[in-house]
Amino acid sequence: MQVRQPLRSLALIRQMKYLFTYRVKQTLASDFQASMDRRNSYSPKRQMFYFSKPLISAALGALLCIHNSFAAQPQPQPKGGKDFETTVQSKKKINPAPTINNSNLSGELLLEILLGELNNEEGVPATGYSLILDAARKTQDPGLYKRAVDIALHARSGPSALEAARAWKSSAPASKEANRYVLDILLALNKVDQIEEPLRTDLLLTPQPEQVKAITLIPQLFSQVNNKTLAADVVEQTLGAFKSRPETAAMSWITIARMRQMASKSESALKALQKGLSTDPKSETGALLAIDLASTHTPGAEDLVKQILETQTNPNVRLQWVRALIEADRLNEAGEQLLQITRKFPQFPDGWLLLGSLQLEQAQTGKALDSINTYLKLAAEKPDAVNSQGKGQAYLMMAQIAQKQNDETLADSWLTKIEDPQLVMRAQFQRASILAGKGKLQEAIELIDHLPNKSREDLRSKVLAKAQLYREYKEYDSAYNTLLKYLKLNPKDVDISYEMSMLAEKLKRYKEMEKILRSIIEMNPDYAQAYNALGFSLADRNLMLPEAKKLIVKALEFLPEDPFITDSLGWVEFRLGNNLESLAILERAYAGKSDPEIAAHLGEVMWHLNKNDEALKIWGEGLKMSPENEVLRDTIKRLKAPL
């Protein structure tokens, strides 16, 4: 059975991620150690607090920071006579003393603020917050309002933080900072229904040249809210006036489209996107959203993507479409797009790197070598245009090509060039593969075992690498046991479970394979490959064909264009006796991915339809791709074809 392997080069396609956090601004000195001397702290007539000097100094320092007050610094009296005094006086005339801006705080307010800070430091933030907020309301000082908000945030009291932020905004309606605090706190509290006014105010307080960028970032603000449908409605209401302004109309509609997509309203999102692109056809943000919609099979989105790419001048946008095609296993189409990128942008290194990776995946070794060499040449000419990870990927692929050509010395020299820390372990896996190729499988396994486990992901990668080596050299029991040992400690890792089910099939433990796959479906009901694997296994053994077809159709609901799942559907139709329908489906699968196992199935259906010449041609292509493929060779042998 064909097991899909993801292309490692996809790590080159950068995806923006937005992280939204609150930072509590520390006002008191960071090196301060709070201490309080409560000697004689209580008297029957009145309460009086005595504080250690460091504590008072820190609290007063906070007040000075808030109010930007300046105190005159006493000058030491130097030794010297009249001449020195005359010199000092003359300097005063040249450099007059700075004006001292005394604070407007009364003694009562100063004490209130001081007590607020001290209560907060002593672990009574509620009292500290109340005192600071009261002082802020009396003085209308923005620094005190911000301090009250920060105390509440630090104490994880969202409602109190919102109260202080709203009071601050009320006292300074034109303050973008105050309004932004209100907006951010409402978002954190998931109060989506109250966000329209502060969001609109935030945009209106943004300088006009920056408004388009601010509108672009709106969907990121709502990434963590629960009610995405309400969020989409709120944003659309907020942007009502901005949709009619020429400078903000396009991005407003594109942002509305993104919000609708986040609310799982893909078709409605496409309509909004089309309005935005009609105003700005070259919008890269709009192009990327169109690709996202096409990736989720929104009707009409792929046609829009093709239309956009005709005029798109940014090669990175085209690479995003290539990534989407690769993830859908539409490798032939991805290759065509990459050829267009390298022709149109020959100085764009990443295009050559990804093209070489795809060509290597499709066993086009010579073409892959040329593409990767072009990348390395551009990397040498323009070192700022590439990064260490990209070069490391290129070195890994060159090592793989050298290994295929049985040049182990050259392969090792390429691996030695890898400097990127994230790829060093993969370089060692490649060295292990070279050792295994020399008949030293146990040494290869030991090499992997001795690699450090810096993280859980490192351990997982090592387990998969060992299982892959065992599988490659038909040590299926060892591969199975390697995965089983890992799964006992990590029972919810569905990808490892899936790999183990494939090994159970190799060992002809079909009941065990079926049990594992059904448990994966139960744990993760949208795991398309589990449905496909179970359905294909039943069809391949000519068992429970109606259920097999049902499982495969279910898999296609999640991945409609996947060529391997399409191949499974064609195969089950063949088992059901629907030869012509099977032929059409398998031809579509083979067009999506030229794979030797798909070639085996397609050729067999052709053979049964007396299309022998066409079958021999397809099988010949499959043998060129993978001369040792077991499924393909067994098919040709079983049908006694003259190949």
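A quick yes/no check of all residues on (1) in contact (Cβ under 8 Å) with a residue 40 or more places away in the chain; (2) open to solvent by 60 Å² or more (accessible area, probe 1.4 Å):
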residue	(1), (2)
Thr342	no, no
Asp350	yes, no
Ile401	yes, no
Glu408	no, yes
Leu415	no, no
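Among the residues of region 534-562, those that are assigned to a loop (DSSP other than H, G, I, E, B) and either touching a helix residue (DSSP H, G or I) at 6+ places or on another chain (Cβ under 6 Å) or open to solvent by 20 Å² or more (accessible area, probe 1.4 Å) (or both) comprise Arg541, Asn542, Leu543, Met544, Leu559, Pro560, Glu561. Only residues that are touching a residue at least 24 places away in the same chain (Cβ under 8 Å), more than 26 Å from Pro246 (Cβ to Cβ) and in a helix (DSSP H, G or I) were counted in region 188-235, giving 7. Filtering Ala126, Ala136 for residues that are small (Gly, Ala, Ser), within 17 Å of Glu112 (Cβ to Cβ), surrounded by fewer than 24 Cβ atoms within 10 Å (Cβ to Cβ) and in contact with a Ser or Thr (Cβ under 9 Å, 6 or more places away or on another chain) leaves a single hit, Ala126.
Every condition in (1) over 30 Å from Ser295 (Cα atoms); (2) within 26 Å of the chain's Cα centre (by Cα); (3) modelled with pLDDT of 95 or more holds for Met398 except the one numbered (2).
So, restricting to helices (runs of 4 or more DSSP H) that lie completely within region 421-528, which ones have at least 2 residues that are more than 24 Å from the chain's Cα centre (by Cα), over 22 Å from Asp540 (Cα atoms) and touching a residue at least 24 places away in the same chain (Cβ under 8 Å)? Steps first, please.
On the way: elements: 421-437, 441-449, 456-472, 476-489, 494-506, 510-523.
The qualifying helices (runs of 4 or more DSSP H) are 421-437, 441-449, 456-472, 476-489.
Across region 563-615, the number of residues qualifying as of a type outside the set (Lys, Arg) and open to solvent by 20 Å² or more (accessible area, probe 1.4 Å) comes to 20. If I filter region 223-232 for residues that are surrounded by 16 or more Cβ atoms within 10 Å (Cβ to Cβ), in contact with a Ser or Thr (Cβ under 6 Å, 6 or more places away or on another chain) and at pLDDT 95 or above, do I get at least one hit? Checked region 223-232: no residue is surrounded by 16 or more Cβ atoms within 10 Å (Cβ to Cβ), in contact with a Ser or Thr (Cβ under 6 Å, 6 or more places away or on another chain) and at pLDDT 95 or above.
For region 374-394, a residue qualifies if it is open to solvent by 60 Å² or more (accessible area, probe 1.4 Å), in a helix (DSSP H, G or I) and either in contact with a Pro (Cβ under 6 Å, 6 or more places away or on another chain) or of a type in the set (Lys, Arg) (or both), and the qualifying residues are Lys377, Lys391. Number of residues in region 121-144 that are free of Cβ contacts under 8 Å to residues at least 40 places away in the same chain and either more than 21 Å from Arg166 (Cα to Cα) or out of contact with any Gly (no Cβ under 9 Å at 6 or more places or on another chain) (or both): the value is 9.
Checked against (1) more than 19 Å from Gln261 (Cα to Cα); (2) out of contact with any Phe, Trp or Tyr (no Cβ under 8 Å at 6 or more places or on another chain), Asn227 passes all but condition (1).
The values are calculated or read from the model by the stated rules, or taken from the named source; none is laboratory data. Predicted, not measured: the structure shown is a model, and the values here were computed from it. Positions of Cβ are generated from backbone atoms using ideal geometry, with glycine treated the same way; all protein chains shown enter the neighbour counts. When the accessible area is computed, the model is the full protein with side chains, heavy atoms only, and any ligands, DNA or RNA have been set aside. Shrake-Rupley method; radii C 1.70, N 1.55, O 1.52, S 1.80 Å.
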